[in-house]
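The values are calculated or read from the model by the stated rules, or taken from the named source; none is laboratory data. None of the values given here were measured: they were computed from a predicted structure. Here the Cβ positions follow ideal geometry from the backbone for every residue, glycine too, while neighbour counts run over all protein chains shown.
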Amino acid sequence: MARNRKPRMSCTEFRELYPVASELNPEKGAIDGPTQDMWFDHLNRCGDCSDWYMGESVKVRGEDPTAHPCVHVAYYGPTHCDEHPNPFDCPDVVVMKFGDEYGLPVRDGGTSYITIENCPWCGKHL
């Protein structure tokens, strides 16, 4: 019995469509639904393109992804938030730098954190 397989997108196509397909685009939806679905499917399936996307997202925020130990820490780390001036209050900040160490903020109303030595996503030593 033959299965219907969804068409897949190449890495080149994914990166070429980034300006119009990414969630960072103010004109989201500038490509048709099936292409948008293939784009997000590729983002979720391809580790290389997922890392590339994170790096591009960090650049859009005005930061240098290479200033961090890995692209994951750059992507999930501190960012300027107009809604939450205190990074401990911002749910988008998942990992923070505290002096010479990195940690996961504890959302208890204070400034507690759990020290981590490796990136939770790729395992790179921090």
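Values computed for the structure shown
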quantity: Output for the range 77-126, where each listed residue is among the aromatic types (F, W, Y) and at pLDDT below 90; calculated: F88, F98
quantity: Cβ-Cβ under 8 Å pairs, at least 6 apart or on other chains, the range 97-113 side under 15 Å from C70 (Cβ atoms), far side assigned to a loop (DSSP other than H, G, I, E, B) and among the small types (G, A, S); calculated: K97/G77
quantity: Which numbered condition A74 fails, given (1) among the small types (G, A, S); (2) outside any helix (DSSP H, G or I); (3) surrounded by 14 or more Cβ atoms within 10 Å (Cβ to Cβ); calculated: (2)
quantity: Top-ranked residue in the range 48-105 [being in contact with a strand residue (DSSP E or B) (Cβ under 8 Å, 6 or more places away or on another chain) and among the β-branched types (V, I, T); ranked as nearest to E13 (Cα to Cα)]; calculated: V73
quantity: Some residue of the range 97-110 being in a helix (DSSP H, G or I), surrounded by 11 or more Cβ atoms within 10 Å (Cβ to Cβ) and acidic (D, E); calculated: no
quantity: Matching entry among S57, S50 (being within 30 Å of F98 (Cα to Cα), modelled with pLDDT of 95 or more and not in a loop (DSSP other than H, G, I, E, B)); calculated: S50
quantity: Single residue of the range 1-29 satisfying the filter (part of a loop (DSSP other than H, G, I, E, B) and in contact with a Phe, Trp or Tyr (Cβ under 8 Å, 6 or more places away or on another chain)) that is modelled with the lowest pLDDT; calculated: S22
quantity: Those residues of the range 106-126 which are more than 29 Å from D48 (Cβ to Cβ) and either among the basic types (K, R) or out of contact with any Leu (no Cβ under 7 Å at 6 or more places or on another chain) (or both), in sequence order; calculated: V106, R107, D108, G109, G110, T111, S112, T115
